[in-house]
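This report refers to the structure that appears directly beneath it.
The values are calculated or read from the model by the stated rules, or taken from the named source; none is laboratory data. The structure presented is a predicted model; accordingly, all values stated were derived computationally and were not measured. All Cβ positions, even for glycine, are placed from backbone atoms using ideal geometry, and neighbour counts span all protein chains on display. These area figures cover heavy atoms from the full protein model, side chains too; ligands, DNA and RNA do not enter into them. Shrake-Rupley method; radii C 1.70, N 1.55, O 1.52, S 1.80 Å.
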Amino acid sequence: EDGRSCVDVAQQLAARCFWCGDDPEYVAYHDTEWGIPVRDDRHLFELLCLEGQQAGLSWIVVLRKRAYYRKVFNDFQIGPVSRIKDKTLEHLLEDKGVIRNRLKLFSIRSNAHAALAIQKEFGSLESYFWQFVDNHPIDGGGRSASDIPAKTELSDALSKDLKKRGFKFIGSTICYAFLQAGGFINDHVGECFRYSEQKEVNDKNC
């Protein structure tokens, strides 16, 4: 009667990963973005940088600021971000639209320089990041929330290599969150309706 489709209603009633709670913005992110494989270089760069911005905070804090970050950081286009001036970053330290942490803000520019070097060496960020999972998402197995780790040997290896390449705010825990969000690992819990949906898509694309 209110115009909602059966699919909309079913998804509202479906079980989800615990972390998104019932916040509409968080639920929408969970349902339509989190865990879907990311192949676009701009998007990969944005995701890695924003995961770093959330260090010590909740992802919802960053998610609510994401649109503004896109505005002030050239939509995370790697080339333009690499050319941002010091004075622009200094000005952002007074801007409540972002997380006002000097090291975090300046890391976005330094990460852009590191990303350009990866593109030169590997051809793309996509080629670089997806090599860590042999170019196909890992199936998390639909485990329970208590069994999902904060970091793994894979995230350790990625973090170590990124640090060697000059990236900042890319500890193993941040890298694991990046791998989950970017769809390198299907880590939706077993009872979440998105786990089986994404597993089916990933299997078809194998």
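Would you say Phe132 is closer than 21 Å to Ser58 by Cα, under 18 Å from the mean Cα position of the chain (by Cα) and among the aromatic types (Phe, Trp, Tyr)? Full working, then the answer.
Values: closer than 21 Å to Ser58 by Cα: no; under 18 Å from the mean Cα position of the chain (by Cα): yes; among the aromatic types (Phe, Trp, Tyr): yes.
In short, no.
Which numbered condition trips up Leu47, out of (1) under 15 Å from the mean Cα position of the chain (by Cα); (2) of a type in the set (A, V, I, L, M); (3) outside any helix (DSSP H, G or I); (4) modelled with pLDDT of 95 or more?
(3)
Does at least one position in segment 23-30 carry a residue that is surrounded by 19 or more Cβ atoms within 10 Å (Cβ to Cβ), under 24 Å from His136 (Cα atoms) and touching a residue at least 60 places away in the same chain (Cβ under 8 Å)? Full working, then the answer.
Of the residues in segment 23-30, the ones surrounded by 19 or more Cβ atoms within 10 Å (Cβ to Cβ) are 26, 30.
Okay, now just the ones that are also under 24 Å from His136 (Cα atoms), so 30.
Right, trim to touching a residue at least 60 places away in the same chain (Cβ under 8 Å) and you get 30.
Yes: one or more hits.
Scan segment 177-194 and give yes if some residue there is in contact with a Gly (Cβ under 7 Å, 6 or more places away or on another chain), open to solvent by 10 Å² or more (accessible area, probe 1.4 Å) and polar (S, T, N, Q), otherwise no.
Scanning segment 177-194 turns up at least one residue that is in contact with a Gly (Cβ under 7 Å, 6 or more places away or on another chain), open to solvent by 10 Å² or more (accessible area, probe 1.4 Å) and polar (S, T, N, Q).
Which members of segment 186-200 meet the condition of being closer than 20 Å to Asp40 by Cα and either free of Cβ contacts under 8 Å to residues at least 24 places away in the same chain or in contact with an Asp or Glu (Cβ under 8 Å, 6 or more places away or on another chain) (or both)? Spell out how you get there, then give the answer.
Of all residues in segment 186-200, those closer than 20 Å to Asp40 by Cα come to 186, 198.
Asn186, the sole residue that qualifies.
Limited to segment 77-118, what total is found for residues that are closer than 19 Å to Leu63 by Cβ and of a type in the set (Ser, Thr, Tyr)?
Summing the residues that are closer than 19 Å to Leu63 by Cβ and of a type in the set (Ser, Thr, Tyr) in segment 77-118 gives 1.
Taking Arg100 as the residue in question, decide whether it is surrounded by fewer than 18 Cβ atoms within 10 Å (Cβ to Cβ) and not aromatic (Phe, Trp, Tyr).
Values: surrounded by fewer than 18 Cβ atoms within 10 Å (Cβ to Cβ): yes; not aromatic (Phe, Trp, Tyr): yes.
In short, yes.
Which one of these is closer than 25 Å to Asp31 by Cβ and touching a Leu at 6+ places or on another chain (Cβ under 8 Å): Ala177, Ala115, Ala181, Ala145? Spell out the reasoning first.
Working: Ala177 fails: touching a Leu at 6+ places or on another chain (Cβ under 8 Å); Ala115 fails: closer than 25 Å to Asp31 by Cβ; Ala145 fails: touching a Leu at 6+ places or on another chain (Cβ under 8 Å).
Of the residues listed, the single one that is closer than 25 Å to Asp31 by Cβ and touching a Leu at 6+ places or on another chain (Cβ under 8 Å) is Ala181.
Of these, Ala112, Ala67, Ala55, which one is modelled with pLDDT under 95 and either over 21 Å from Leu179 (Cβ atoms) or surrounded by 14 or more Cβ atoms within 10 Å (Cβ to Cβ) (or both)?
Numbers: Ala112 fails: modelled with pLDDT under 95; Ala67 fails: modelled with pLDDT under 95.
Every option except Ala55 fails the conditions.
Out of curiosity, is Leu89 aliphatic (A, V, I, L, M), under 20 Å from Val38 (Cβ atoms), surrounded by 16 or more Cβ atoms within 10 Å (Cβ to Cβ) and modelled with pLDDT of 95 or more? Before the answer, list the steps.
Numbers: aliphatic (A, V, I, L, M): yes; under 20 Å from Val38 (Cβ atoms): no; surrounded by 16 or more Cβ atoms within 10 Å (Cβ to Cβ): yes; modelled with pLDDT of 95 or more: yes.
No: the conditions fail for Leu89.
Assuming Gly35 fulfils every condition listed in (1) open to solvent by less than 60 Å² (accessible area, probe 1.4 Å); (2) in a helix (DSSP H, G or I); (3) touching a residue at least 40 places away in the same chain (Cβ under 8 Å) apart from one, which condition is it?
Result: Gly35 fails condition (2) only.
What number goes with the only condition from (1) open to solvent by 40 Å² or more (accessible area, probe 1.4 Å); (2) more than 26 Å from Arg66 (Cα to Cα) that Gly140 does not pass?
Condition not satisfied by Gly140: (1).
Within segment 115-137, work out how many residues are touching a residue at least 40 places away in the same chain (Cβ under 8 Å), of a type in the set (Gly, Ala, Ser) and surrounded by fewer than 19 Cβ atoms within 10 Å (Cβ to Cβ). Explain how you work it out, then say what you get.
Step one: filter segment 115-137 for residues touching a residue at least 40 places away in the same chain (Cβ under 8 Å), giving 115, 117-119, 124-126, 129-130, 132-133, 136-137.
Of the ones still in play, those that are also of a type in the set (Gly, Ala, Ser) are 115, 117, 124.
Now restrict to residues that are surrounded by fewer than 19 Cβ atoms within 10 Å (Cβ to Cβ): 117, 124.
The qualifying residues number 2.
For residues in segment 150-174 being open to solvent by 60 Å² or more (accessible area, probe 1.4 Å) and free of Cβ contacts under 8 Å to residues at least 24 places away in the same chain, which is nearest to the chain's Cα centre (by Cα)?
Result: Thr173.
Within the bounds of segment 2-12, is there any residue that is open to solvent by 50 Å² or more (accessible area, probe 1.4 Å), assigned to a loop (DSSP other than H, G, I, E, B), modelled with pLDDT under 95 and among the basic types (Lys, Arg)?
yes
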